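Structure provided below as structure tokens; questions to follow.
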Amino acid sequence: AGQKTLVVVYSDGNVDFLTASGLVNIPDFKNKSLTGDKTIYGLRIIGNEALLSTGVGLIVLDVAKKEYTENFYLGFSSSYTACTDACLWGDSLMVATPNSIYAGCRLNNLQDVSFWKTVPFVTGTKAKKLIRFGNQFFALAQNGVLYKGLPGNWQTFISDASITDISVQDSALFACSGMTTYMFDKNLHRISVQPILDNSVAWDSENKKLYVASGTSGLSVLKYENAAYVTEKDSIIPDGPTQNTAWNAFFKDGVYYATAGARWGDRSFYDG
């Protein structure tokens, strides 16, 4: 927010910075020759840094300078270790991987994997998303439970197998789960949000509005009223196809037509 910059990450590893003065593209990761999985699994903006969690490790970008600053191609168990999320704690970077949570102090040479240490987590499950809120961590585990606490002292916070995304925005914590948006203030008191399909949420804390991505239902705007967030406007949908699964398309009489589906006997269960 301080940089007034939107960081856009694409499925092929390309990155755009969108500002009021235009677009800055940095295709370094997209163009880098790697034999590993270059999928980007997570993006966290913390201060002036963008943390990209990828199939080959953690990449750090400077949002102010709009450039790559650090690449940690972590090889804990093989040539590369996938990172599904990352966060900061003081001078330390923390990454969630399919095996464990790891932490490394940035005062050390973190290109050397021996400086990364395993962080204790809940026995029997792994963390797939990880954020810091206040003086605690929140980790979404593979068993569907959102835990809070510190390494070695994790406690169940929400048990909801439908949670797909967690985020910290200004002074609030969010967890998106189907028709439920969990929102908590800095004291972890829950704030009421009207049920609406929530794949992802953005909070305008100054104007007290929520912007909710609801898939094929489009974008919804919720306003704060009577101690709860309620719908102000919904079904905001761009003037174009709702899906990117088009198999065929054509123009006729100045009108563009796009069809979803696949070549043979059914539509392969594609939306639209």
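The values are calculated or read from the model by the stated rules, or taken from the named source; none is laboratory data. Because the structure is predicted, anything quoted here is derived from the model rather than measured. Neighbour counts run over all protein chains shown; Cβ positions are idealised from the backbone, glycine included. Ligands, DNA and RNA are excluded from the accessible area calculation, which covers all protein heavy atoms including side chains. Shrake-Rupley method; radii C 1.70, N 1.55, O 1.52, S 1.80 Å.
Can you name the condition, by its number, that residue 99 falls short on among (1) free of Cβ contacts under 8 Å to residues at least 40 places away in the same chain; (2) open to solvent by 10 Å² or more (accessible area, probe 1.4 Å); (3) assigned to a strand (DSSP E or B)?
All conditions pass for residue 99, except number (3).
Among what's in region 144-163 and is surrounded by 13 or more Cβ atoms within 10 Å (Cβ to Cβ) and not in a strand (DSSP E or B), pick the residue that is nearest to the chain's Cα centre (by Cα).
Only one residue tops the list, namely 163.
Return the residue satisfying two criteria in turn: it lies in region 59-91 and is of a type in the set (A, V, I, L, M, F, W, C), within 22 Å of residue 136 (Cα to Cα) and modelled with pLDDT of 90 or more, and of such residues it is surrounded by the fewest Cβ atoms within 10 Å (Cβ to Cβ).
88
Of the residues that make up region 27-39, is at least one open to solvent by less than 60 Å² (accessible area, probe 1.4 Å) and in a strand (DSSP E or B)?
Within region 27-39 (the criterion being open to solvent by less than 60 Å² (accessible area, probe 1.4 Å) and in a strand (DSSP E or B)), the answer is no, since none of the residues qualifies.
OK, next. Mind checking whether some residue in region 202-215 is of a type in the set (Lys, Arg) and touching a strand residue (DSSP E or B) at 6+ places or on another chain (Cβ under 6 Å)?
Checked against the condition, which is being of a type in the set (Lys, Arg) and touching a strand residue (DSSP E or B) at 6+ places or on another chain (Cβ under 6 Å), region 202-215 yields at least one hit.
Can you name the condition, by its number, that residue 166 falls short on among (1) in a strand (DSSP E or B); (2) of a type in the set (A, V, I, L, M, F, W, C); (3) open to solvent by 30 Å² or more (accessible area, probe 1.4 Å)?
(3)
Oh, and also: From the set of residues in region 192-216 that are farther than 14 Å from residue 181 by Cα and open to solvent by 60 Å² or more (accessible area, probe 1.4 Å), which is modelled with the lowest pLDDT? So that I can check it myself, show each step before the final result.
Narrowing region 192-216 to residues farther than 14 Å from residue 181 by Cα: 204-208, 215-216.
Retained after the next criterion (residues that are open to solvent by 60 Å² or more (accessible area, probe 1.4 Å)): 206-208, 216.
Values: 206: 94, 207: 96, 208: 96, 216: 81.
Checked region 192-216; the qualifying residue modelled with the lowest pLDDT is 216.
Next question, about the same structure. It is to be established whether one or more residues within region 43-51 are more than 27 Å from residue 139 (Cα to Cα), modelled with pLDDT of 90 or more and open to solvent by less than 50 Å² (accessible area, probe 1.4 Å).
No, region 43-51 has no match at all.
Just checking, how many residues over region 119-140 are closer than 12 Å to residue 155 by Cβ and either open to solvent by less than 20 Å² (accessible area, probe 1.4 Å) or not in a strand (DSSP E or B) (or both)?
Count: 4.
Here's something else I'd like to know. Of everything in region 223-253, what is among the small types (Gly, Ala, Ser), closer than 17 Å to residue 191 by Cα and surrounded by 10 or more Cβ atoms within 10 Å (Cβ to Cβ)? Give them in sequence order.
The initial filter retains those residues of region 223-253 that are among the small types (Gly, Ala, Ser), namely 227-228, 235, 240, 246, 249.
Going one step further and asking which of them are closer than 17 Å to residue 191 by Cα, we end up with 227-228.
Correct list: 228 only.
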